[in-house]
Amino acid sequence: MRKTAAAVLLGVAHGLFILLHVAVARAQQLPGTWEVVVEDSGIASMHTAVTRFGTVVLLDRTDIGPSRLPLPADQCRLDPTDRILPRGDCTAHSALFDPVSRHLRPLSILTDTWCSSGQFLPDGTLLQTGGDLDGLRKLRLFSPCSPDDYQPTCDWVELASPLLSSGRWYATNQILPNGHVIIVGGRSSPTAEFYPPTKPLLPFPFLAEAEDAQMDNLYPFLHLLPDGHLFVFANSRAVLLDYEAGHIIRNFPPLPGGPRNYPSAGSSVMLPLTFADNYMRADIVVCGGAQYGAFLHQERETPAGSTCGRIIATDPDPVWEIEEMPFPRVMGDMVILPTGEVVIINGAQAGSQGFEMASRPCLNPVLYRPNEPVGLRFMTLAPTTIPRMYHSTANLFPDGRILVAGSNPHYFYVFENVEFPTELRIEAFSPDYLAQDKDKIRPTVVKVEQDKVGYGEELNVEVEVELPMVGSLDVAFLSAPFATHSFSQGQRMVRVNASQPVEVNAAAGGTPLRYRVRCTAPTDGRVAPPGYYMVFAVNQGVPSAARWVQLVV
């Protein structure tokens, strides 16, 4: 018996409904949840950083026409060289977001911050460096203030002097053990320099040697090792740099799998330094990237890289250990969680970085569990519905969520008639440790004896929890990095020495139970450079919300 066209269509529709139902069911079963916390931030955040007050600095580029966030009338940006708005731009290209009130306050940025770099200084001031055009050699400072104590001076300050010694477009920053910042690389800048500028410009020919026909040496991955030297990764190569002496100590073996830096960007983290290893073991992980030629030939459908390489950078004879991710991914962001695990989030499954250069958004984050055996380290997490392509960011928030912002794969803001519109929504991803069924073992930090601690000093922390603790309580110091272009500059976690928890309200009975742990701050600036850290208490893999503690020399 022949089916009618209507019956065929009905069958197809029924099949599609079943497939959609299965897909939704599978998504609901995967760990983690998503929430849109801001529907319209006004700007697409190309660079994002979380301040010690828990507010979030959002920063795009100038010279792209108006954003959707107006500036006060007396703060319009006047730049006669602006190709789009030479008579003045009265919209903001930076903002301060308060996740508690969900309020956005426009900030005034004048020079072009396109593909710039940044790092928090020891006093909590955000240093912002370079960019394009009139921002190429600029230094900028943002001193955050409490949302409850707003000051008009709580805005960007662009320094007339000093200027950067070299133009820094696509450079990377890293805070050093003495609290100074090294600024490495940038387009046509195979050098490094320092802020404050107390040292001369440092030639770094390795960056030029790592360049290929499509660059692949921009936004190099920097990791400060616990011996005080810099692990520098560009393209598929890595070296150990003694920035004090100005020479390379070691060449690491090349990482197979193609280029990993801009415009073929994967991402990278240094796994947590731990007291159990005397803070002397440093594992570096590099994940994803684009195939060589995808950028050069504008091949936006070419599958992205699917491998991760892991190397013990402090080992006398280091080798790369290669693993396969569940998805190919370019432009992913790697975010260290308070548990020591890593979430790989954002990006695409094909193409490369650049305007209109990628396709097939990678909607599922994955969890990298470094202590599991090879082959069992990755877990697929619940997907978002919002593509996060070129110029997306991801940052750990003090409550344990990951804040996701940005995505603008176009030269200007484009909202209609394109596959991936400019994205102004801000999302928060909640890892599974924030699930309600873990509330009874979730610690709450109720007391930190001091909000400023010196190296090697004792720090007493008191927590409350509903159920009795079993075993130890981990205490972790996590930095607040500057996230841009798939790399979080200055990201770091240190798991410190902590005593067994001692119950301090046993005689009173009832709940919650209160415990005290005595921990020891990191030993020196090579382990944890000076500055503000989010201090988390972790009970059976479930972290508290963080308290901010300043680590001082």
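The values are calculated or read from the model by the stated rules, or taken from the named source; none is laboratory data. These numbers were taken from a predicted model, which means no experiment stands behind them. Backbone-built Cβ (ideal geometry, glycine too); neighbour counts: all protein chains shown. These area figures cover heavy atoms from the full protein model, side chains too; ligands, DNA and RNA do not enter into them. Shrake-Rupley method; radii C 1.70, N 1.55, O 1.52, S 1.80 Å.
Measuring with a 1.4 Å probe in the full set of protein chains, what accessible area per residue, in whole Å², belongs to the range 504-553?
Dividing the accessible area of the range 504-553 by its residue count gives 38 Å².
Which order do the peptides 208-216, 259-267, 97-105 take when ranked by the mean count of other beta-carbon atoms within 10 Å per residue, highest first?
Those peptides, ordered most packed to least, come out 259-267, 208-216, 97-105.
Rounded to the nearest 500 deg cm²/dmol, what is the calculated helix-only ellipticity per residue at 222 nm for the chain, with -39500 (n - 2.57) per DSSP H run of length n ≥ 4?
Result for the chain: -1500 deg cm²/dmol, rounded to the nearest 500.
Which far-off residues, 5 or more places away or on another chain, put their amide H under 5 Å from the one on Asp212, with H placed in the peptide plane?
For Asp212, whose amide H was placed from the backbone, the distant partners under 5 Å are Asn217.
Please work out which option in [x] 24.9; [y] 27.9; [z] 24.1 gives Kirkwood radius over Cα pairs in Å calculated from these coordinates, and answer with its label.
Read-out taken from this structure: [z].
Output the lone cysteines of the chain: those with no second cysteine's C-beta under 4.7 Å from their C-beta.
Result for the chain is Cys115, Cys362, Cys519, no neighbouring Cys Cβ within the cutoff.
Largest first and to the nearest Å, give the Cα extent of the range 503-553 along each principal axis.
Taking max minus min along each principal axis of the Cα atoms, the range 503-553 gives 43, 20, 17 Å.
Give the accessible area for Cys90 in Å² (nearest 10); use a 1.4 Å probe, count only protein heavy atoms, and leave out ligands, DNA and RNA.
Roughly 60 Å² of Cys90 is accessible to a 1.4 Å probe.
Once the piece of chain linking Asn278 and Glu457 is laid out straight, how much longer is it, given 0.36 nm per residue of separation minus the C-alpha distance between them?
Contour length minus Cα-Cα distance gives 62.9 nm.
On the protein heavy atoms, probe 1.4 angstrom, tell me the percent of accessible surface of the range 190-263 carried by carbon and sulfur.
That share works out to 58 percent.
Please report the spacing between the Cα centers of the range 221-271 and the range 300-328 in Å, no decimals.
One Cα centre to the other: 13 Å.
How many Lys pairs in the chain lie less than 30 angstrom apart by Cα atoms, where the lysines are 8 or more positions apart or on different chains?
Lysine pairs meeting the criterion: 4.
Hey, what's the range 250-330 come to in accessible area per residue, 1.4 Å probe, Å²?
With the other protein chains kept in place, the range 250-330 gives 39 Å² per residue.
Per-residue counts of other Cβ atoms within 10 Å, averaged by peptide: what ranking do you get for 380-386, 163-169, highest first?
Output ranking for 380-386, 163-169: 163-169, 380-386.
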